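Asker: Before we start, here is the structure in question, set down as structure tokens.
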Amino acid sequence: MAYSDKVLDHYSNPRNVGTFAKDDPDVGTGVVGAPECGDVMKLQLRISDDGIVQDARFKTFGCGSAIASSSYVTELVKGKTIDEVMAIKNTNIVEELSLPPVKIHCSVLAEDGIKAALADWKRKREGVKQAS
Amino acid sequence: MRKAIYMDYHSTTPVDPRVLDAMLPYFNEIFGNAASRTHGFGWEAEKAVETGREQVAGLIGARPKEIVFMSGATEADNLAVRGVVEFYKEKGNHVITQVTEHKAVLDTCRALEREGKATVTYLPVDTEGRVDPDDVRRAITDKTVLVSIMYANNEIGTIQPIAEIGKVTREKGVLFHSDAVQGVGKLPIDVDAMNLDLASLTAHKIYGPKGVGALYVRSKGPRVRLTPIIYGGGHERGMRSGTLNVPGIVGFGKAAELCRVSMADEGQRILRLRERLRDGIWSRLDEVYLNGHPTHRLPGNLNVSFAYVEGESLLMGLNGSVHPIAAAASLPPIAVSSGSACTSATLEPSYVLKALGVGDDLAHTSIRFGLGRFTTEEEVDYVLERIVHEVTRLRELSPLYEMAKEGIDLKTVAWQRD
């Protein structure tokens, strides 16, 4: 398997590795994939009240392309509005990292992870509004 | 970059320099066709082939004429299984094998089933990969023509109870084939003591060249007959036509001879290195699992699941040239293999690990280390350091490791599958 330089770079120097407190109301968490499928991504977004992604974190169990896809997507979302995050497509990741066809599913998982994190944040916000 | 470290000896081995020296004259000096009976070029080539035949036979306690040379063990497996089924079709059509066999046996069996020529029983293995000889006994029917059970497994190194199975097949009067590729040259084999009737061998796993192998075919007690799969000039007593690979056979013979002489000492040395690697991994990392049998195991094999670290990502780190730490320090890359789906053409995790009952989650994290003749203690120590470094780094990246450390039972999580 030949990896692109960008995959190698993200694999060797992954960006934004870590974990935010899950119960922080500003944090949305998405966990996608399954251990028996060989990849699990946990993606977290810290989103301000005006709906801007302030920061992001990830942890990934998976091949080098899965690690690179999640690392890249955490960079991609920073500073973006919710609508802009919703518009991110897995093809953005495929192009940036030059993923081969057998690794497309890594990019799909990263897109799913970001959207799951956003959905989690929205649920939390609605919960906060209802409570107040 | 320093020289890469090779720890994938189950895949193939380098040609021993002594083997290469023995082979070289047979490419352009003694280049005759071993089947040419009319001149010295042919006679000399034939003489070299017969020496090779004696040397290969000597390694397994066979008579030289029972060694049939061919292209490798895949061909030997094909000929053994198909050749018996087709020749003995009047007697029966039932074959017994087991689930962790090499694909050369399994796919030949499946092909024979599809063609309507055989019905096949695939025996299970226990959690350490061993077949129960009593299962073999119970599976034999009056239609059984062949039992095919490998000597040692290529992924997990588990050694099958070949001698016990041989007792059963001899008592029942059923032919017994063993794909002995991984065991030969590393473990003692005696075809008579083990009641083997057919055995597949290959040169490139024992420090000989690629592209040459052999099938041992018992000549008496009983005499085994085969329908050939390749027809032509009637070479190898009609069982395998085709001009003999003289340099390859010379190399195979020399490699066999070297193994026969050095097997006992070499096995001890490699086992000690393997145990050094195993002890190091177990003492420095948590949640590591041995795949295969702890003792009925090839001395050079170590198959480990590093929980929460996907195998391909670990290979990427070990290959090293991509790793900034490795690259900056000019550390040598490490060649090993993995049972992870991501490393296979089918995108399925290892069928061998699955057969043992290893879950797909752990199969994805498995790494096979294969130690051999040229492995040094220094290499083992270096590989250990790199493994510990890479596994630790990747676990810091792993959401599963984090969850496990938080006390979450990963089996109870509702995973979102693709």
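Asker: Only residues in the range B:72-89 that are over 17 Å from B:Gly213 (Cα atoms) and surrounded by 24 or more Cβ atoms within 10 Å (Cβ to Cβ) count as the first member; pair them with residues that are modelled with pLDDT of 95 or more and among the basic types (Lys, Arg), Cβ under 9 angstrom, at least 6 apart or cross-chain, and list the lot.
Answerer: What qualifies is B:Val84/B:Arg225; B:Val85/B:Lys117.
Asker: Further question: Restricting to the range A:21-36, and then to whatever is in contact with a Lys or Arg (Cβ under 6 Å, 6 or more places away or on another chain) and within 9 Å of another protein chain (Cβ to nearest Cβ), can you tell me which residue is surrounded by the fewest Cβ atoms within 10 Å (Cβ to Cβ)? Even if it seems obvious, please write down each step before you answer.
Answerer: Filtering the range A:21-36 down to residues in contact with a Lys or Arg (Cβ under 6 Å, 6 or more places away or on another chain) leaves A:25-27, A:29, A:31, A:34.
Narrowing further to those that are within 9 Å of another protein chain (Cβ to nearest Cβ): A:31, A:34.
Details: A:Val31: 22, A:Ala34: 19.
Looking at the filtered set, the residue picked out is A:Ala34.
Asker: Looking at A:Lys42, A:Lys59, which one is within 9 Å of chain B (Cβ to nearest Cβ) and either in a loop (DSSP other than H, G, I, E, B) or in contact (Cβ under 8 Å) with a residue 60 or more places away in the chain (or both)?
Answerer: Working: A:Lys59 fails: either in a loop (DSSP other than H, G, I, E, B) or in contact (Cβ under 8 Å) with a residue 60 or more places away in the chain (or both).
A:Lys42 is the lone residue from the list that is within 9 Å of chain B (Cβ to nearest Cβ) and either in a loop (DSSP other than H, G, I, E, B) or in contact (Cβ under 8 Å) with a residue 60 or more places away in the chain (or both).
Asker: Between A:Gly64, A:Gly51, A:Gly18, which is within 14 Å of chain B (Cβ to nearest Cβ), at pLDDT below 95 and either surrounded by fewer than 19 Cβ atoms within 10 Å (Cβ to Cβ) or closer than 19 Å to B:Leu315 by Cβ (or both)? Spell out the reasoning first.
Answerer: Working: A:Gly51 fails: within 14 Å of chain B (Cβ to nearest Cβ); A:Gly18 fails: at pLDDT below 95.
Step by step, each of A:Gly64, A:Gly51, A:Gly18 is checked, and only A:Gly64 is within 14 Å of chain B (Cβ to nearest Cβ), at pLDDT below 95 and either surrounded by fewer than 19 Cβ atoms within 10 Å (Cβ to Cβ) or closer than 19 Å to B:Leu315 by Cβ (or both).
Asker: For the range A:6-15: of the residues being within 11 Å of chain B (Cβ to nearest Cβ) and in a loop (DSSP other than H, G, I, E, B), which is farthest from A:Asp120 (Cα to Cα)?
Answerer: The qualifying residue farthest from A:Asp120 (Cα to Cα) is A:Asn13.
Asker: Quick one: in the range B:351-377, of everything that is within 17 Å of the chain's Cα centre (by Cα) and in a strand (DSSP E or B), which residue is surrounded by the most Cβ atoms within 10 Å (Cβ to Cβ)?
Answerer: This residue is B:Gly370.
Asker: Just to be sure, is B:Ser241 more than 24 Å from B:Phe41 (Cα to Cα) and of a type in the set (S, T, N, Q)?
Answerer: Working: more than 24 Å from B:Phe41 (Cα to Cα): no; of a type in the set (S, T, N, Q): yes.
The answer is no for B:Ser241.
Asker: Also, quick follow-up: Looking at B:Gly232, B:Gly242, which is the one that is outside any strand (DSSP E or B), assigned by TED's automatic domain parsing to the domain that holds B:Ala45 and in contact (Cβ under 8 Å) with a residue 12 or more places away in the chain?
Answerer: Working: B:Gly232 fails: in contact (Cβ under 8 Å) with a residue 12 or more places away in the chain.
The match here is B:Gly242.
Yes/no per residue for (1) assigned to a loop (DSSP other than H, G, I, E, B); (2) among the polar types (S, T, N, Q); (3) without any contact (Cβ under 8 Å) to a residue 40 or more places away in the chain; (4) more than 23 Å from B:Asn78 (Cβ to Cβ):
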{"position": "B:Thr100", "(1), (2), (3), (4)": "yes, yes, no, no"}
{"position": "B:Ala104", "(1), (2), (3), (4)": "no, no, no, no"}
{"position": "B:Asp107", "(1), (2), (3), (4)": "no, no, yes, no"}
{"position": "B:Arg110", "(1), (2), (3), (4)": "no, no, yes, no"}
{"position": "B:Glu113", "(1), (2), (3), (4)": "no, no, yes, no"}
{"position": "B:Thr127", "(1), (2), (3), (4)": "yes, yes, no, yes"}
{"position": "B:Glu155", "(1), (2), (3), (4)": "yes, no, no, no"}
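Asker: Quick one: A:His105 ticks every box in (1) assigned to a helix (DSSP H, G or I); (2) within 14 Å of another protein chain (Cβ to nearest Cβ); (3) modelled with pLDDT of 95 or more; (4) surrounded by fewer than 24 Cβ atoms within 10 Å (Cβ to Cβ) except a single one, so which number is it?
Answerer: (3)
Asker: Being under 15 Å from B:Tyr122 (Cβ atoms) and hydroxyl-bearing (Ser, Thr, Tyr) is the filter here, so list the residues in the range B:147-166 that pass it.
Answerer: Selection gives B:Ser148 alone.
Asker: Conditions first: (1) touching a strand residue (DSSP E or B) at 6+ places or on another chain (Cβ under 6 Å); (2) crowded, with 22+ Cβ neighbours inside 10 Å; (3) facing chain B (nearest Cβ under 8 Å). A:Tyr3 passes all but one, so which condition is the exception?
Answerer: With (1) touching a strand residue (DSSP E or B) at 6+ places or on another chain (Cβ under 6 Å); (2) crowded, with 22+ Cβ neighbours inside 10 Å; (3) facing chain B (nearest Cβ under 8 Å) applied to A:Tyr3, the lone miss is (1).
Asker: For residues that are free of Cβ contacts under 8 Å to residues at least 24 places away in the same chain and more than 12 Å from A:Ser71 (Cβ to Cβ), tally how many sit in the range A:3-26.
Answerer: Number satisfying all stated conditions: 5.
The values are calculated or read from the model by the stated rules, or taken from the named source; none is laboratory data. Predicted, not measured: the structure shown is a model, and the values here were computed from it. As a convention, Cβ positions derive from the backbone with ideal geometry for all residues, glycine included, and neighbour counts pool all protein chains shown.
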